[in-house]
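Asks: To start, I am sharing the structure in question, which I have written as C-alpha cells.
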Amino acid sequence: MSENTATHDVATVGSWATADRVARELGLKPGEFDLAVDLGRIRVTSGEPGTGRRVDRGELRRLRARPGRPRALRESVRTVGTTEGALLMGVTKDRFTCLARLGLLVPTRFCLNRHRAVVWLCPAEELRQFTADEKNTVLLRGRTPDHLRGQLDTGLDLRARNRRTRRAAVLLRRATDPWSRAGALASLLAPPHVAEVVRDPYERSHLSRFCPGRPSRGAPGSPAAVLAETLVTAQDPDEIAWLQADLAQLLAQAREHRPAPRPAPVPHRPAPAGPHRRGRCPGSRSAHAGCSAALPARRRGRKRGPGARRLLPGGSGGGCPPPRRPAGRGDPPAIYSARNSPSWTTDTSIRPSRS
C-alpha cells in the first residue's frame, strides 16, 4: 500500500496528474488509455498549451478504488478482431463479418496488416452486451432476414462510416467552443468538401487550427496512407451532405461567438512627389527632353579625339543646354566654337596664326 501511495505522490503535480503517469499506474498501454478516454472510462482535462492531457487527482482516486483494478479496467477497453470476436459471440467469422457490415457491430479502431488488408477492432464489452440481448438471438442463431441479405448483396459496408460517426461523437464531446466543434466535423471531410461550405480563405485557415489530427498509416503518399485516408474521411454522398449541413450550422455559431481573425488593412498612402525620371532634366519637357548633352560621347555615336576635352555649354560640367533661338539683326557675332565644326580636329585654315 505504501508503494502505491509513493507512486501516486510522484505522479501528481498539485491537483492533477499527467496522462502518461496515470496510464502506467493503472497498468494500461498508451492505446488502451486513449480508448478508455474515448469510451468515457477515464475523464481527462486539457492542460495549458504544451502540457498535454491531465487527470484530476479525484478522478485518479476513483479509478484506484474500483474493484478488480487494473484487470477490470483493462478488460473494459479490450478490443478484438474478427476471429476473436466470433469466438466471443459464439458465431462463425462470416456471420460476424455480416453483422459488422450491416452496422450492428460498431468498430472503434482499425489497423492494416502486412497485406494492407483492413482489420477492424470492436470493444469486447460491447460484443458481450450484444450477445446477451435476447432481441439479437435471431441474428446470431437464425437465418439472416431477407431485407438484410439484400443489403449485403448490394455491397453494403457500414464499418468505416460507423467508425467515423463514433469518432465524431468523441471529438464533439471534447470540444470546448463553437470553433472546436466545427473543426471536429471538418476533420471528417476532405478539403474540397470543406471549401464548399467555408468559402472564406481566412475562415478556412482559422478552422484548420481546431481540426484534430488524423491517424496516419505508413509514409505519406504510400498505398497504406492513401487507404487510411479514405477510411477516416466521409465517402458516401449522403454522409458528406449530412456533415456539410452540420458544419454550416456550427460555423454560423462560431462566427457569432468570435469572428475569424483577418489581417489589418493597409492604409492607402499617396506616392510622394519625388524627382523627375532619370534621363530627364527639370524644366520644359520639349526644350530639354533626353538631356543628350549630358550623356557621354560614345553613347551618342560620336568619336572623340585623344586630346579632346568634354565641353558642355554654359561653362559647367553638367546640366542641360539652354534653348536655342534664331539669330537676328543687332546680335553680336557668334563666338567660334571648334566643337560645333564637324572637322574641328583637322581644319586649321581658319585658326588665328601665331605671328
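Readers should treat all values here as calculations from the given coordinates under stated rules, not as data from a laboratory. Here the structure is a predicted model, which is why all the values come from computation and not from measurement. With ideal geometry, Cβ positions are generated from the backbone for all residues, glycine too; neighbour counts draw on all protein chains shown.
Asks: Can you tell me the convex hull volume per residue for segment 129-169, based on C-alpha atoms, in Å³ to the nearest whole number?
Replies: Working: hull volume 3.9 nm³, N = 41.
Given the Cα convex hull of segment 129-169, per-residue volume reads 95 Å³.
Asks: Name the long-range amide H neighbours of G103: under 5 Å, sequence gap of 5 or more, or other chain; modelled H, no Pro or chain starts.
Replies: Hits under the 5 Å cutoff: L158.
Asks: Roughly speaking, what % of Cα-Cα pairs in segment 160-257 are separated by over 23 Å, rounded to a whole number? Before the final figure, lay out each step's value.
Replies: Working: 1060 of 4753 pairs.
Across segment 160-257, Cα pairs with separations above 23 Å total 22 percent.
Asks: What is the gain in length, in nm to one decimal, between R269 and W242 on full extension, counting 0.36 nm per residue of separation less the C-alpha to C-alpha distance? Intermediate values should be presented prior to the final figure.
Replies: Values: separation 27, 0.36 × 27 = 9.72 nm, distance 4.79 nm.
That pair, R269 and W242, stretches by 4.9 nm at full extension.
Asks: Return the sequence-ordered ³J(HN,Hα) values of segment 239-252 in whole Hz as given by the Karplus equation 6.51 cos²θ - 1.76 cosθ + 1.60 applied to θ = phi - 60°, using x for Gly and Pro.
Replies: Running phi through 6.51 cos²θ - 1.76 cosθ + 1.60 with θ = phi - 60° gives 5, 5, 5, 5, 5, 5, 5, 5, 5, 4, 5, 5, 5, 5 Hz.
Asks: Further, regarding this structure: Between L104 and Y202, how high is the FRET efficiency from 1/(1 + (r/R0)^6) when r is the Cβ-Cβ distance and R₀ = 45 Å? Nearest 0.05.
Replies: 0.55
Asks: So, in nm, how far is label R62 from label D20 when the simple model puts each one 7 Å beyond its Cα toward the Cβ?
Replies: Reported label-point gap for R62 and D20 is 2.6 nm.
Asks: Okay, next question. Using θ = phi - 60° and the Karplus form 6.51 cos²θ - 1.76 cosθ + 1.60, what ³J(HN,Hα) does each residue of segment 124-135 get, whole Hz, x for Gly and Pro?
Replies: Karplus values, whole Hz, x for Gly and Pro: 5, 5, 5, 5, 5, 5, 5, 5, 6, 6, 5, 5.
Asks: Turning to a different aspect of this structure: If each residue of separation counts as 0.36 nm, what is the full-extension length gain between D177 and V226 once their alpha-carbon separation is subtracted? Mind dumping the intermediate values first?
Replies: Working: separation 49, 0.36 × 49 = 17.64 nm, distance 3.13 nm.
That pair, D177 and V226, stretches by 14.5 nm at full extension.
Asks: For segment 92-115 and segment 58-74, what is the centre-to-centre distance using only Cα atoms, to the nearest Å?
Replies: With segment 92-115 and segment 58-74 each reduced to a Cα centre, they are spaced 30 Å.
Asks: If I model a spin label as a point 7 Å beyond the Cα along the Cα-Cβ vector, how far apart are those points for L140 and L156 in nm?
Replies: Calculated label separation equals 2.2 nm.
Asks: Where does the charge balance sit around L243 when Lys and Arg score +1, Asp and Glu -1, over other residues with C-beta under 15 Å from its C-beta?
Replies: Details: positive: R161, R163, R164, R166, R167, R181, R214; negative: E196, D236, D238, E239, D246.
Neighbourhood net charge equals +2.
Asks: Determine, from the Cβ-Cβ distance of R149 and R258 and an R0 of 51 Å, the FRET efficiency 1/(1 + (r/R0)^6), rounded to the nearest 0.05.
Replies: On the way: r = 51 Å, r/R0 = 1.00.
Once the sixth-power term is evaluated, E becomes 0.50.
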